[in-house]
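As C-alpha coordinates, the structure follows; a few thoughts come after it.
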Amino acid sequence: MLAIFHLFYGVILGTNELAELFLGIAIAALSLNLVITTKTNSGTREIAANIGTVSMILTLGMITACLVYYYSRPELLGKRLNSYATRVYPAAGMYRQAEMLFEYMNHHPQFLTPETRLRHGMLLLQMGKESEAKTILALALDEQKRLAEQRPESPGPFFLAGQVLTLLGDRQEAQAAFVKAIKKDRARLERAKDAATEALIRWSLARTLLASGDSSAARDQVSRARALAPERGLRRDIEWWIEANYREERQ
(Lines give C-alpha, C1' and ligand atoms only; values in the text may rest on other atoms or scores of the structure.)
Protein backbone atom coordinates (compact mmCIF):
# COMPACT_ATOMS: atom_id res chain seq x y z
CA MET A 1 0.00 0.00 0.00
CA LEU A 2 2.87 2.38 0.79
CA ALA A 3 4.39 1.67 -2.63
CA ILE A 4 1.11 2.44 -4.42
CA PHE A 5 0.58 5.59 -2.33
CA HIS A 6 4.01 7.06 -3.13
CA LEU A 7 3.87 5.93 -6.75
CA PHE A 8 0.72 7.95 -7.39
CA TYR A 9 1.15 10.89 -4.99
CA GLY A 10 4.91 11.22 -4.35
CA VAL A 11 4.26 13.41 -1.30
CA ILE A 12 7.85 13.24 -0.01
CA LEU A 13 10.26 13.01 -2.92
CA GLY A 14 8.04 13.76 -5.86
CA THR A 15 9.59 10.80 -7.69
CA ASN A 16 9.09 7.06 -7.94
CA GLU A 17 12.24 6.04 -6.07
CA LEU A 18 10.55 5.77 -2.67
CA ALA A 19 7.75 3.69 -4.17
CA GLU A 20 10.35 1.39 -5.69
CA LEU A 21 12.03 1.07 -2.29
CA PHE A 22 8.81 0.02 -0.56
CA LEU A 23 8.00 -2.40 -3.38
CA GLY A 24 11.47 -3.93 -3.15
CA ILE A 25 11.10 -4.38 0.61
CA ALA A 26 7.72 -6.03 0.11
CA ILE A 27 9.10 -8.44 -2.49
CA ALA A 28 12.11 -9.26 -0.32
CA ALA A 29 9.85 -9.95 2.68
CA LEU A 30 7.58 -12.16 0.59
CA SER A 31 10.55 -14.06 -0.82
CA LEU A 32 11.95 -14.62 2.68
CA ASN A 33 8.58 -15.88 3.86
CA LEU A 34 8.43 -18.32 0.95
CA VAL A 35 11.94 -19.61 1.72
CA ILE A 36 11.03 -20.21 5.37
CA THR A 37 7.77 -21.87 4.38
CA THR A 38 9.37 -24.26 1.90
CA LYS A 39 11.99 -25.27 4.43
CA THR A 40 9.48 -26.13 7.15
CA ASN A 41 7.02 -27.95 4.90
CA SER A 42 7.28 -30.59 2.24
CA GLY A 43 5.33 -32.30 -0.47
CA THR A 44 2.33 -30.47 -1.85
CA ARG A 45 2.99 -27.33 0.22
CA GLU A 46 6.51 -26.99 -1.19
CA ILE A 47 5.27 -27.37 -4.78
CA ALA A 48 2.59 -24.76 -4.17
CA ALA A 49 5.18 -22.37 -2.72
CA ASN A 50 7.44 -22.81 -5.76
CA ILE A 51 4.52 -22.20 -8.12
CA GLY A 52 3.58 -19.13 -6.10
CA THR A 53 7.12 -17.74 -6.36
CA VAL A 54 7.29 -18.24 -10.13
CA SER A 55 3.80 -16.78 -10.55
CA MET A 56 4.78 -13.69 -8.53
CA ILE A 57 7.88 -13.11 -10.66
CA LEU A 58 5.96 -13.53 -13.92
CA THR A 59 3.14 -11.27 -12.72
CA LEU A 60 5.53 -8.50 -11.68
CA GLY A 61 7.34 -8.88 -15.02
CA MET A 62 4.12 -8.48 -16.98
CA ILE A 63 2.99 -5.51 -14.91
CA THR A 64 6.38 -3.82 -15.36
CA ALA A 65 6.32 -4.49 -19.11
CA CYS A 66 2.84 -2.97 -19.43
CA LEU A 67 3.84 0.12 -17.43
CA VAL A 68 6.99 0.64 -19.51
CA TYR A 69 5.14 0.13 -22.80
CA TYR A 70 1.95 2.08 -22.14
CA TYR A 71 3.04 4.67 -19.55
CA SER A 72 6.62 5.42 -20.52
CA ARG A 73 7.77 9.02 -20.04
CA PRO A 74 10.48 9.65 -22.66
CA GLU A 75 10.52 13.37 -21.84
CA LEU A 76 11.46 12.58 -18.23
CA LEU A 77 14.11 10.11 -19.36
CA GLY A 78 15.50 12.77 -21.68
CA LYS A 79 15.74 15.25 -18.81
CA ARG A 80 17.49 12.68 -16.64
CA LEU A 81 19.96 11.74 -19.39
CA ASN A 82 20.80 15.39 -20.06
CA SER A 83 21.12 16.14 -16.36
CA TYR A 84 23.60 13.33 -15.78
CA ALA A 85 25.56 14.06 -18.95
CA THR A 86 25.83 17.82 -18.39
CA ARG A 87 26.05 18.13 -14.60
CA VAL A 88 26.13 15.01 -12.44
CA TYR A 89 28.86 12.98 -14.15
CA PRO A 90 31.19 15.92 -15.01
CA ALA A 91 30.91 17.23 -11.44
CA ALA A 92 32.08 13.82 -10.22
CA GLY A 93 34.94 13.72 -12.75
CA MET A 94 33.22 10.93 -14.71
CA TYR A 95 33.87 12.48 -18.12
CA ARG A 96 33.93 9.24 -20.08
CA GLN A 97 30.54 8.21 -18.65
CA ALA A 98 29.13 11.62 -19.58
CA GLU A 99 30.54 11.27 -23.09
CA MET A 100 28.86 7.86 -23.44
CA LEU A 101 25.51 9.40 -22.51
CA PHE A 102 25.96 12.14 -25.10
CA GLU A 103 26.81 9.53 -27.73
CA TYR A 104 23.69 7.58 -26.78
CA MET A 105 21.51 10.69 -27.14
CA ASN A 106 23.10 11.50 -30.51
CA HIS A 107 21.92 8.09 -31.71
CA HIS A 108 18.47 8.65 -30.17
CA PRO A 109 17.47 12.19 -31.24
CA GLN A 110 14.21 12.09 -29.26
CA PHE A 111 16.30 12.78 -26.15
CA LEU A 112 18.15 15.79 -27.58
CA THR A 113 17.36 19.30 -26.33
CA PRO A 114 18.47 22.57 -27.98
CA GLU A 115 21.39 22.65 -25.51
CA THR A 116 22.55 19.03 -25.70
CA ARG A 117 25.13 19.40 -28.48
CA LEU A 118 26.45 22.63 -26.98
CA ARG A 119 27.03 20.86 -23.65
CA HIS A 120 28.58 17.91 -25.47
CA GLY A 121 31.05 20.23 -27.19
CA MET A 122 31.91 21.86 -23.87
CA LEU A 123 32.60 18.46 -22.32
CA LEU A 124 34.85 17.43 -25.21
CA LEU A 125 36.83 20.66 -24.82
CA GLN A 126 37.27 19.88 -21.12
CA MET A 127 38.57 16.46 -22.11
CA GLY A 128 41.06 17.99 -24.55
CA LYS A 129 39.31 16.57 -27.62
CA GLU A 130 39.31 19.80 -29.62
CA SER A 131 38.81 18.26 -33.07
CA GLU A 132 35.77 16.25 -31.95
CA ALA A 133 34.46 19.27 -30.03
CA LYS A 134 34.57 21.47 -33.14
CA THR A 135 32.61 18.86 -35.11
CA ILE A 136 29.88 18.69 -32.46
CA LEU A 137 29.80 22.48 -32.03
CA ALA A 138 29.41 22.95 -35.79
CA LEU A 139 26.36 20.67 -35.63
CA ALA A 140 25.09 22.68 -32.67
CA LEU A 141 25.46 25.94 -34.60
CA ASP A 142 23.57 24.55 -37.61
CA GLU A 143 20.83 23.38 -35.25
CA GLN A 144 20.46 26.86 -33.71
CA LYS A 145 20.25 28.44 -37.17
CA ARG A 146 17.39 26.08 -38.06
CA LEU A 147 15.63 26.83 -34.78
CA ALA A 148 16.04 30.59 -35.34
CA GLU A 149 14.28 30.23 -38.70
CA GLN A 150 11.48 28.20 -37.12
CA ARG A 151 11.08 30.49 -34.12
CA PRO A 152 12.14 33.98 -35.24
CA GLU A 153 10.69 35.68 -32.15
CA SER A 154 12.52 33.45 -29.65
CA PRO A 155 15.82 34.66 -28.13
CA GLY A 156 16.90 31.10 -27.25
CA PRO A 157 18.50 30.06 -30.57
CA PHE A 158 20.47 33.32 -30.77
CA PHE A 159 21.64 33.00 -27.15
CA LEU A 160 22.79 29.42 -27.70
CA ALA A 161 24.36 30.31 -31.05
CA GLY A 162 26.33 33.02 -29.26
CA GLN A 163 27.63 30.49 -26.76
CA VAL A 164 28.62 28.08 -29.53
CA LEU A 165 30.40 30.82 -31.47
CA THR A 166 32.26 31.86 -28.32
CA LEU A 167 33.56 28.31 -27.88
CA LEU A 168 34.57 28.24 -31.55
CA GLY A 169 36.57 31.43 -31.03
CA ASP A 170 34.42 33.71 -33.20
CA ARG A 171 33.80 36.41 -30.61
CA GLN A 172 32.55 39.03 -33.05
CA GLU A 173 29.80 36.81 -34.44
CA ALA A 174 29.00 35.65 -30.92
CA GLN A 175 28.41 39.22 -29.78
CA ALA A 176 26.15 39.82 -32.78
CA ALA A 177 24.08 36.77 -31.81
CA PHE A 178 23.87 37.94 -28.19
CA VAL A 179 22.68 41.39 -29.33
CA LYS A 180 19.87 39.77 -31.33
CA ALA A 181 18.85 37.69 -28.31
CA ILE A 182 18.81 40.79 -26.08
CA LYS A 183 16.64 42.71 -28.56
CA LYS A 184 14.14 39.86 -28.73
CA ASP A 185 13.94 39.63 -24.94
CA ARG A 186 13.37 43.39 -24.65
CA ALA A 187 10.60 43.10 -27.23
CA ARG A 188 9.07 40.27 -25.20
CA LEU A 189 9.21 42.43 -22.07
CA GLU A 190 6.92 44.96 -23.71
CA ARG A 191 4.35 42.21 -24.26
CA ALA A 192 4.59 40.60 -20.81
CA LYS A 193 1.21 40.53 -19.06
CA ASP A 194 2.03 39.13 -15.63
CA ALA A 195 4.83 39.11 -13.07
CA ALA A 196 5.82 35.46 -13.59
CA THR A 197 6.22 35.94 -17.34
CA GLU A 198 8.25 39.11 -16.81
CA ALA A 199 10.45 37.27 -14.32
CA LEU A 200 11.20 34.54 -16.85
CA ILE A 201 12.04 37.09 -19.55
CA ARG A 202 14.30 39.14 -17.28
CA TRP A 203 16.10 35.96 -16.21
CA SER A 204 16.60 35.04 -19.87
CA LEU A 205 17.91 38.56 -20.49
CA ALA A 206 20.29 38.22 -17.54
CA ARG A 207 21.75 35.01 -18.92
CA THR A 208 22.44 36.61 -22.28
CA LEU A 209 23.93 39.75 -20.75
CA LEU A 210 26.25 37.68 -18.58
CA ALA A 211 27.34 35.55 -21.54
CA SER A 212 28.07 38.73 -23.52
CA GLY A 213 30.28 40.04 -20.71
CA ASP A 214 27.98 42.61 -19.09
CA SER A 215 27.93 41.18 -15.57
CA SER A 216 26.56 44.31 -13.89
CA ALA A 217 23.53 44.61 -16.18
CA ALA A 218 22.93 40.89 -15.85
CA ARG A 219 22.93 41.17 -12.05
CA ASP A 220 20.39 44.00 -12.22
CA GLN A 221 18.04 42.02 -14.47
CA VAL A 222 18.22 38.81 -12.44
CA SER A 223 17.62 40.73 -9.21
CA ARG A 224 14.46 42.19 -10.70
CA ALA A 225 13.48 38.74 -11.95
CA ARG A 226 13.89 37.29 -8.47
CA ALA A 227 11.70 40.01 -6.95
CA LEU A 228 8.95 39.32 -9.50
CA ALA A 229 9.07 35.52 -9.38
CA PRO A 230 6.55 33.51 -7.35
CA GLU A 231 7.73 32.41 -3.92
CA ARG A 232 8.33 28.80 -4.91
CA GLY A 233 9.64 27.03 -8.01
CA LEU A 234 10.82 29.78 -10.32
CA ARG A 235 12.26 31.92 -7.54
CA ARG A 236 14.23 28.94 -6.23
CA ASP A 237 15.67 28.30 -9.71
CA ILE A 238 16.64 31.95 -10.09
CA GLU A 239 18.32 31.98 -6.68
CA TRP A 240 20.27 28.86 -7.62
CA TRP A 241 21.42 30.59 -10.82
CA ILE A 242 22.52 33.70 -8.88
CA GLU A 243 24.45 31.54 -6.43
CA ALA A 244 26.13 29.58 -9.23
CA ASN A 245 27.13 32.63 -11.29
CA TYR A 246 27.84 35.26 -8.63
CA ARG A 247 29.35 33.09 -5.92
CA GLU A 248 32.65 35.00 -5.90
CA GLU A 249 30.86 38.32 -5.49
CA ARG A 250 28.83 36.97 -2.57
CA GLN A 251 31.94 35.80 -0.71
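The values are calculated or read from the model by the stated rules, or taken from the named source; none is laboratory data. These figures come from a predicted structure and were not determined experimentally. Heads up, the Cβs are rebuilt from the backbone with ideal geometry, glycines too, and the neighbour counts pull from every protein chain shown.
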Only one of (1) loosely packed, with under 10 Cβ neighbours inside 10 Å; (2) of a type in the set (S, T, Y); (3) at pLDDT below 65 does not apply to T38, and that is (1)
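Results for (1) closer than 24 Å to S83 by Cα; (2) in contact with an Asp or Glu (Cβ under 8 Å, 6 or more places away or on another chain); (3) acidic (D, E), shown as yes or no for each residue.
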{"residue": "N106", "(1), (2), (3)": "yes, no, no"}
{"residue": "L112", "(1), (2), (3)": "yes, no, no"}
{"residue": "D142", "(1), (2), (3)": "yes, no, yes"}
{"residue": "E149", "(1), (2), (3)": "no, no, yes"}
{"residue": "A161", "(1), (2), (3)": "yes, no, no"}
{"residue": "D170", "(1), (2), (3)": "no, no, yes"}
{"residue": "K180", "(1), (2), (3)": "no, no, no"}
{"residue": "D194", "(1), (2), (3)": "no, no, yes"}
{"residue": "S216", "(1), (2), (3)": "no, no, no"}
(1) assigned by TED's automatic domain parsing to the domain that holds G156; (2) farther than 14 Å from S154 by Cβ all hold for K184 apart from (2)
Of the listed residues (A92, A98, A49), the one being modelled with pLDDT under 70 and of a type in the set (A, V, I, L, M, F, W, C) is A49
Per the filter on region 198-224, residues within 22 Å of the chain's Cα centre (by Cα) and among the small types (G, A, S) are A199, S204, A206, A211
Taking region 116-169 and keeping only residues that are in a loop (DSSP other than H, G, I, E, B) and not small (G, A, S), one is left with M127, K129, R151, P152, E153, P155, L168
Requested in this report: Kindly indicate whether any position in region 228-241 is under 16 Å from F159 (Cβ atoms) and not aromatic (F, W, Y).
Outcome: no
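Table: residues versus (1) in contact (Cβ under 8 Å) with a residue 24 or more places away in the chain; (2) aromatic (F, W, Y); (3) closer than 13 Å to L167 by Cα.
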| site | (1), (2), (3) |
| --- | --- |
| K79 | no, no, no |
| T86 | yes, no, no |
| A92 | no, no, no |
| E99 | yes, no, no |
| P109 | no, no, no |
| L118 | yes, no, yes |
| L125 | yes, no, yes |
| A133 | yes, no, yes |
Considering region 86-115, residues that are of a type in the set (V, I, T) and in a helix (DSSP H, G or I), and then whichever is farthest from A174 (Cα to Cα), we arrive at V88
